[in-house]
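Peer 1: Structure in structure tokens, see below.
Derivation of every value follows stated rules applied to the coordinates shown; laboratory data play no part. Predicted, not measured: the structure shown is a model, and the values here were computed from it. We place every Cβ from the backbone using ideal geometry, glycine too, and count neighbours over all the protein chains shown.
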Amino acid sequence: MPSRFSDSHIAEYYTFGYTVLRGILPPSLLSDLRRATDRARQLARERHGPQTQRLQPVGAYDLEERPFRDYAELPALNEAIRNVLTPAHYHGDPEILGVLLEPAEAPWCCGWHRDIREDSKGIDAQEFHAFFHDLNYFNQVNCALYEDTSLWFVPGSHRRPFDLPAETEAAWMDDAAGQGDRSHAALELRWLDYCRRMPGAVCLHLNAGDFAFYRSLAWHLGNYVPYCKRATLHDLILTPDYAVWNRKWRERLGG
């Protein structure tokens with residue numbers, strides 16, 4: 001049975017910077033989305049190679065539209081989002097929604113990061129600090145269609161715009177890491193060590209049909225292995241103001 005929304009989801013989100021709606025996708029929608037994302041995996045690898053880990057946005061590819069539309073319109077999901085955030089929040093825009101995928105050949109890990117920082121390209125520092133604590137902005141989604149242990153997160157880091165010295169040190173990644181003559185097992189363990197060395201980091205273990213949403217200004221990363229099938233919907237929870245801001249920011253970045 002799916003978990004019901006409760007006040008604990010609100011408390012978790014404000015305290016830790018994330019919460020998980022367990023089993024929120026009904027079986028029929030889960031099946032439809034799996035079928036659509038099997039096609040997405042094929043297209044992503046054809047266009048970007050076997051190691052690619054995402055296809056985004058779904059609206060730019062020849063994919064079945066109905067499952068993604070049903071996902072965006074799912075009443076229980078929208079009610080929960082609006083209870084945690086506000087009635088103005090929505091998700092599932094096909095021009096933003098993507099699919100996160102497992103690499104086909106070798107383990108891979110992205111670096112520890114906050115999606116937007118004071119010194120990010122195209123960001124005005126004064127604007128950044130004005131929006132940092134505004135829940136109308138910077139809410140992000142991982143909705144798992146299969147069991148997924150890829151997302152690592154630092155609870156509470158969404159509450160401060162500055163980094164702790166130990167976080168800065170832990171986030172540093174050797175450019176040569178993952179290159180050279182390494183077995184897949186050695187790579188996998190090397191990336192796990194990198195995930196675990198961040199102070200306070202936790203792995204958000206998602207089962208099929210779980211919907212996690214979180215503050216993208218917190219420290220987080222994705223860690224991937226090729227032997228675990230992955231199709232996780234990756235999305236923004238928007239408001240009208242955030243949609244306008246996000247579009248303008250991407251235009252400043254040149255795309």
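Peer 1: In nm, to one decimal, how far is the modelled label at Arg69 from the one at Arg117, with both set 7 Å along Cα→Cβ?
Peer 2: 4.2 nm
Peer 1: Over the stretch 7-253, what is the relative contact order in percent, taking alpha-carbon pairs closer than 8 angstrom and at least six residues apart?
Peer 2: Rounded, it is 34 percent for the stretch 7-253.
Peer 1: Based on the alpha-carbon gyration tensor of the stretch 145-255, what equivalent-ellipsoid semi-axes (square roots of 5 times the eigenvalues) come out, in whole Å, largest first?
Peer 2: Working through the eigenvalues yields semi-axes of 26, 20, 16 Å.
Peer 1: Starting from the stretch 135-218, pick out the trypsin sites (Lys or Arg not before Pro) whose DSSP state is loop and whose Cβ has at most 16 other Cβ atoms within 10 Å. Write out the running numbers ahead of the final one.
Peer 2: Numbers: sites: Arg159, Arg182, Arg190, Arg196, Arg197, Arg215; in loops: Arg182, Arg197.
Answer by residue number: Arg182, Arg197.
Peer 1: Oh, and also: With n ≥ 4 as the cut-off for DSSP H runs, can you work out [θ] at 222 nm for the chain, using -39500 (n - 2.57) per run divided by the number of residues, rounded to the nearest 500?
Peer 2: For the chain, the value works out to -11000 deg cm²/dmol.
Peer 1: Another question, then. So how long is each side of the stretch 1-64 along the principal axes, counting just the alpha-carbon atoms, biggest first, in Å?
Peer 2: Principal-axis extents of the Cα atoms in the stretch 1-64, largest first: 44, 27, 19 Å.
Peer 1: Next up: Can you work out the FRET efficiency for the pair Glu95 and Arg39, with r the C-beta to C-beta distance and R0 = 22 Å, to the nearest 0.05?
Peer 2: In this case the efficiency is close to 0.75.
Peer 1: Hey, another quick one. Given a cut-off of 26 Å, what percent of all Cα-Cα pairs of the chain lie beyond it? Could you put the intermediate results ahead of the total?
Peer 2: Numbers: 13167 of 32385 pairs.
I get 41 percent for the Cα pairs in the chain exceeding 26 Å.
Peer 1: Find how many whole Å separate the alpha carbon centroid of the stretch 30-82 from the alpha carbon centroid of the stretch 179-234.
Peer 2: The two parts, judged by their Cα centres, are 20 Å apart.
Peer 1: Charges only on Cβ, +1 for Lys and Arg, -1 for Asp and Glu: so what's the dipole of the stretch 11-129 about the Cα centre, in debye to the nearest 20?
Peer 2: Dipole about the Cα centre, nearest 20: 320 debye.
Peer 1: Comparing Gln51, Gln42, Gln140, which has the greatest mean-square fluctuation in the GNM of the chain with Cα pairs linked when under 10 Å apart?
Peer 2: Most flexible of the set in this elastic network: Gln42.
Peer 1: About the Cα centre, and with charges only on the beta carbon of Lys, Arg (+1) and Asp, Glu (-1), how big is the dipole of the stretch 216-255? Nearest 20 debye, please.
Peer 2: Computed about the Cα centre, the dipole is about 140 debye.
Peer 1: Under unit Cβ charges (Lys, Arg +1; Asp, Glu -1), what dipole magnitude, rounded to 20 debye, does the chain have relative to its Cα centre?
Peer 2: Approximately 200 debye in magnitude.
Peer 1: Of Tyr137, Ala186, His9, whose Cα points farthest to the positive end of the dipole of the stretch 7-253 (charges on the beta-carbon: +1 Lys, Arg; -1 Asp, Glu; origin at the Cα centre)?
Peer 2: Ala186
Peer 1: Expressed as cubic angstrom per residue, what is the convex hull volume of the alpha carbon set of the stretch 35-81? List each step's numbers first, then the result.
Peer 2: Values: hull volume 4.0 nm³, N = 47.
In the stretch 35-81, the Cα hull volume divided by residue count equals 85 Å³.
Peer 1: Let me ask something additional. Which of the three applies to the stretch 52-195, rounded, prolate or oblate, going by the alpha-carbon gyration tensor with a ≥ b ≥ c and a/c under 1.5 meaning rounded?
Peer 2: Taking the square roots of the gyration eigenvalues as a ≥ b ≥ c, the stretch 52-195 is oblate.
Peer 1: May I ask you to compute the full-extension gain from Ile10 to Cys228, defined as 0.36 nm times their residue separation minus their alpha-carbon distance, rounded to one decimal in nm?
Peer 2: 75.4 nm
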